[in-house]
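Taking it in order: structure first as structure tokens, then the write-up.
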Amino acid sequence: MLILSRKTGEKIIINGNIEITVAELRGSEVRIGISAPKNVSIYREEVYRKVQEENARALVEKTPDLTKVELKGKKKK
Amino acid sequence: MANAVLETMEKSREIIFIKPVLGFEEHRVFVFQEYKPGSPFIWMTAAEEPMLKFITINMFDFFPGYDLKLSNDDRELLGFNGDNALLFGLVSIPEDPSNMTVNMAAPVVVNYKKMAGGQFVNMREGYSLKEPLVKRGEANADSVKENGRKDNNKR
């Protein structure tokens, strides 16, 4: 992993179009500013991991039989 | 009976994902197809990898008051407004399908006029990644009466 030292207000440029700014230091917390093209996805790691895990769980391996389950909030036909 | 949401996507049911399904970043085109005639379930299959498929629901079929909040950048990226958006929830189906859940925290949003979509994390907090979809008897029948949203104080 590349490790760089930066002071508050200093930046890192990635790939020419992503700009990371160390915005503020508050004790052990760092506030980071990111500007990137809109189509770049940016998530806190724990949020990304949780959604990714749920997506992996949702991936269908064997076509389920869903004709018998009684669903919530569905109007009766 | 044809699925009403799929009927809405009259131009094409093949959607380009501007934002990926997290964990499946390399797949950027998904096709939406009905699961069975008259079923509320909808297949979402990777166009180039038919083995990569998800069961989804139209969020509003189950949670009419579902409220999605996107960042301005994401709205702009998608050209999102109330009239052109379809919201799909990815359904997780364990061995016993009666324990199936839907991901309300990170829906798939489709602008069906632009044929563009993506998975977005709802900035409105309190929606579950694992909201049960199956009735659990009368006692719990109205546990999602608040549109499936459980308010909490976490920030």
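Read the figures in this text as sums done on the coordinates, not as results from a lab. This structure is a prediction, so every number in the text was calculated from the model and none was measured. Here the Cβ positions follow ideal geometry from the backbone for every residue, glycine too, while neighbour counts run over all protein chains shown.
Karplus-based coupling profile of segment B:26-31, in residue order and whole Hz: 7, 9, 10, 10, 10, 10, with θ = phi - 60° in 6.51 cos²θ - 1.76 cosθ + 1.60 and x standing for Gly or Pro.
Return the whole-Å distance between the Cα centroid of segment B:12-38 and the Cα centroid of segment A:1-76. Answer, in whole Å: 19.
For trypsin sites (Lys or Arg not before Pro), the sites in segment B:1-86 that DSSP calls loop and that have at most 14 other Cβ atoms within 10 Å are B:K11, B:K69. Could you tell me which of the pairs A:K7/A:K38; B:K53/B:K114; A:K68/B:K69; A:K11/B:K53; B:K36/B:K113; B:K69/B:K135 are separated by over 32 angstrom between their Cα atoms in the structure shown? Table pairs above 32 Å Cα-Cα are A:K68/B:K69; A:K11/B:K53. Between rounded, prolate and oblate, where does segment B:18-77 land on the alpha carbon gyration tensor, with a ≥ b ≥ c its root eigenvalues, rounded for a/c under 1.5, else prolate if a/b exceeds b/c? The shape class here is oblate.
Which of the GluC sites (Glu not before Pro) found in segment A:1-45 are loop residues per DSSP with 13 or fewer other Cβ atoms within 10 Å of their Cβ?
Loop-located and lightly packed - A:E10.
Taking a ≥ b ≥ c as the square roots of the eigenvalues of the Cα gyration tensor of segment B:1-126, is the shape rounded (a/c under 1.5), prolate (a/b larger than b/c) or oblate? It is rounded, given that a/c, with a ≥ b ≥ c, falls under 1.5. Under a 5 Å amide H cut-off, with hydrogens placed 1.01 Å from N, B:K130 pairs with B:M104 among residues at least 5 apart or on other chains.
Each residue of segment B:53-58 is assigned a 3J(HN,Hα), and the resulting list reads 9, 10, 8, 10, 10, 6 Hz, derived from the Karplus form 6.51 cos²θ - 1.76 cosθ + 1.60 (θ = phi - 60°), x at Gly and Pro. Counting only helical runs of four or more DSSP H residues, what would the 222 nm mean residue ellipticity of chain A come to if each run contributes -39,500 (n - 2.57) and the total is spread over all its residues? It comes out at -6000 deg cm²/dmol, rounded to the nearest 500. Less than 5 angstrom separates the built amide H of B:F17 from those of B:V29, B:F30, B:G117, all sequence-distant by 5 or more or on a different chain.
For peptide B:92-105, the mean count of partner chain Cβ atoms within 10 Å of a residue's Cβ comes to 4.
Using the Karplus relation 6.51 cos²θ - 1.76 cosθ + 1.60 with θ = phi - 60°, the per-residue 3J(HN,Hα) values for segment B:119-124 come to 9, 10, 7, 5, 6, 6 Hz, with x marking Gly and Pro.
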